[in-house]
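**Q** Input: one structure, supplied below.
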Amino acid sequence: MAAGLRTVILLSFVLAVGFLLIILSCALWANWLPLLVALIFVLAPLPNALFSHCGSDEFAGGYESSGPVDLGRFITSMVVVTGFALPVVLAHSEVIHPNASLMSIVGGGLVYGTILAYAAAFKQDDSDYE
Amino acid sequence: MSLPRSNYDPRRVCLNPFPELTLGKHKRTVGVYLAGGLFALANWVFLDAAILSKHAHSPWGSPDEPPPVHVSFVDWVPGICSLLGYLVINMIDKDRIRGDQGFGDSRAVWRARLFLFIGFALMAGGLAGSVTVLILKYIINNYPQEFTYYGYANVSQSIFLMFSAVILWIAQNTSSEYEYNLTL
């Protein structure tokens with residue numbers, strides 16, 4: 001499990017850098033609105049994770065469309081776009097500094113990428129039990 | 001390209017059937033993600049205009065002169081119409097509209113079509129209303145560029161919502177999962 005350990009350490013490092021960027025973007029200009037971006041990106045994979053179990057009985061339900069799974073994906077994509085759009089909108093109306101917006105976008109992208117990469121890297125271990 | 005006459009079903013909406021797109025399973029996922037992203041983008045474009053209007057300050061050189069126009073409730077109405085239409089369109093069972101699924105009640109098909117019509121009318125009404133607001137409130141009064149932007153944001157919100165509805169419709173109409181289960 002040396003590779004897994006290295007992956008965990010790398011991902012946690014990237015996550016820390018992402019949070020560092022977001023908190024720095026708040027603290028440097030003493031305006032704590034960009035902290036919302038971190039919250040949004042942490043919450044982004046939640047609908048997908050919740051609704052993905054609703055489609056697990058696809059053999060019982062025949063071939064009818066998996067509405068709840070689609071809803072989860074829809075909400076997830078909505079939240080991700082919200083996370084990218086919020087700093088841009090705030091910077092456009094001059095509530096936050098443009099550099100703060102850029103930093104919080106990069107930091108949020110790093111946080112969300114970490115979550116995605118973590119889910120992708122350790123998905124195989126779960127499927128052994130099913 | 002036309003179907004043989006024996007396939008004609010009087011309960012069908014159009015003479016030409018809905019396109020039976022058989023895309024891969026990933027196409028459906030990508031379509032749903034894209035639709036969600038467009039949906040959020042549409043609303044954020046308008047919210048950007050609203051927030052910008054809230055934080056608008058006086059033009060340079062004349063600090064006593066307030067901004068000539070603000071985003072008011074009139075600007076919100078087309079977006080609300082489009083959102084309602086979006087909800088109505090996506091709450092309809094797609095198989096029931098097509099009417100070839102063997103539902104016994106033909107009144108249900110008729111009612112589903114009526115609601116689909118109301119949904120599309122609401123979305124088109126939202127688009128028309130946003131164009132109306134753009135012209136009557138912003139262009140006719142010859143406001144400068146940064147205030148005309150409110151109207152353009154309104155129109156783009158309606159257009160993005162329409163694109164989102166179309167993409168979601170196509171993505172959910174792909175009969176991919178049937179094949180997916182057959183191959184398993």
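The values are calculated or read from the model by the stated rules, or taken from the named source; none is laboratory data. These numbers come from a predicted model, not from an experiment. Calculation scope for accessible area: heavy atoms of the full protein, side chains included, ligands and nucleic acids excluded. Shrake-Rupley method; radii C 1.70, N 1.55, O 1.52, S 1.80 Å.
**Q** If one takes the accessible area of chain B alone plus chain A alone and subtracts that of the pair, with a 1.4 Å probe, what total in Å², rounded to the nearest 100, results?
**A** Numbers: alone 11740 and 8670 Å², together 18260 Å².
Summing both chains' loss of accessible area gives about 2100 Å².
**Q** What number comes out for accessible area per residue over the range A:8-119 if the probe is 1.4 Å? Units Å², please. List each step's numbers first, then the result.
**A** Numbers: 5760 Å² over 112 residues.
Ligands and nucleic acids excluded, the result is 51 Å² per residue.
**Q** Taking all protein chains as present, what is the carbon and sulfur share of the accessible area of the range A:8-119, in % to the nearest whole number, probe 1.4 Å?
**A** Numbers: 4440 of 5760 Å².
The value for the range A:8-119 is 77 percent carbon and sulfur by accessible area.
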